[in-house]
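All remarks here apply to the structure that follows.
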Amino acid sequence: MEAKEIYDGHADLWVRKAPILLSDYSARPRVLELCGDVKGLTVLDLGCGEGYVGRQVAKSGAHSVTGYDVSRAMIDGANQTAAAMGLEGLSYHVSDLRQAEFGDPQNPVDLVIAVFLFNYMDADSMSRILKRVRQVLKPEGRFIFTVPHPMLPWIKPAERPFYMRPEGGYFSSVDVPFPGRIWRRDGESVEVQAVHKTFTTYFRALGEAGFGQMPVVEELHITADHVALDPDFFGPLVDLPLHVAFSLSP
Ligand SMILES: C[S@@+](CC[C@H](N)C(=O)[O-])C[C@H]1O[C@@H](n2cnc3c(N)ncnc32)[C@H](O)[C@@H]1O
């Protein structure tokens, strides 16, 4: 199923002002830490969804956050929440990043983030976006993205609070979309998708896009603090590799 259909269909379950989804605990706080001090920075948020991460970047003092998402319903949610919270410096565009350009190479930005975007497209589309990211980033800028951990589908059964169901083998399934689901702490769940890629896919695409430096790569997982907060919810995921964060410079 196309990402637009998935997200137009249940944007209401994504719109949130406080952490509630599993990945609001297991991934997004680390993304924000990796962003570091964002005061005065110009930021692009690729696959921004309803704006959860970009709003926090804006609240931390970024000069501007420009979000792009293929789902009109998610962008409507982003605009409504930004207006309700009286936040400034946020702007949003409905855009399919597999085809449309983003940013402006004549006016490069300080930071680009893509939080769980690349799991909705094949490796060629991701490669095109990575090349554009390099063109629209300042030489001293940074690029941070997260994806589901490539191994997760084979080691986590299709049960709450997070899974991706494999539809083939690890190496033979590159570019195959795997259906998945991620839960919220209130018991609701949302459909997600992982167009499978291996670690080799990511590193090769980054190299071909011209990223010359070794990225910082972190395998994100549940911590003791998560379990202390809500043992029933986080307990089933202890010691499993859930997501991967990449942080790099052009
Ligand atoms: C898992 S959600 C994450 C949203 C947001 N980054 C966050 O962390 O809350 C993935 C988002 O990527 C968007 N997306 C998927 N494919 C896209 C594409 N080709 N172009 C733009 N956005 C896309 C979806 O519409 C969805 O909002």
>> Quick check on my filter: what residues within the range 124-133 are of a type outside the set (Ser, Thr, Tyr) and surrounded by fewer than 21 Cβ atoms within 10 Å (Cβ to Cβ)?
In response: 124, 128, 131, 132
> Out of all the residues in the range 84-99, is one or more near the ligand (Cβ under 9 Å from one of its atoms), of a type in the set (A, V, I, L, M) and either more than 20 Å from residue 193 (Cβ to Cβ) or assigned to a strand (DSSP E or B) (or both)?
Replying inline: yes
>> out of contact with any His (no Cβ under 7 Å at 6 or more places or on another chain), touching a residue at least 24 places away in the same chain (Cβ under 8 Å), farther than 25 Å from residue 34 by Cα and not aromatic (Phe, Trp, Tyr): is that true of residue 188 in this structure?
In response: yes
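Does the range 158-194 hold any residues that are polar (S, T, N, Q), in contact with a Pro (Cβ under 6 Å, 6 or more places away or on another chain) and surrounded by fewer than 18 Cβ atoms within 10 Å (Cβ to Cβ), and which are they? First the steps, then the outcome.
Applying the first criterion (polar (S, T, N, Q)) to the range 158-194 yields 172-173, 189, 193.
When the remaining residues are screened for being in contact with a Pro (Cβ under 6 Å, 6 or more places away or on another chain), the result is 193.
The answer is none; no residue qualifies.
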> For the range 22-38, what are the residues that are touching an Asp or Glu at 6+ places or on another chain (Cβ under 9 Å) and either part of a loop (DSSP other than H, G, I, E, B) or within 11 Å of the ligand (Cβ to nearest atom) (or both)?
Replying inline: 38
> Between residues in the range 61-87 that are under 23 Å from residue 119 (Cβ atoms) and residues that are basic (Lys, Arg), which pairs lie under 6 Å by C-beta distance while being six or more apart or on different chains?
Replying inline: 70/4; 71/4
> Counting just the residues of the range 142-176 that are part of a strand (DSSP E or B), in contact (Cβ under 8 Å) with a residue 60 or more places away in the chain and not basic (Lys, Arg), which one comes out nearest to residue 42 (Cα to Cα)?
Replying inline: 143
> Of all residues in the range 42-83 being crowded, with 19+ Cβ neighbours inside 10 Å, of a type in the set (Asp, Glu) and closer than 16 Å to residue 11 by Cα, which is farthest from the ligand (Cβ to nearest atom)?
Replying inline: 50
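All of the numbers you see were taken from the coordinates with simple rules; none came from a lab. Not measured: the values here are computed from a predicted model. When we count neighbours, we look across all protein chains shown, and the Cβ atoms used for this are built from the backbone with ideal geometry, even at glycine.
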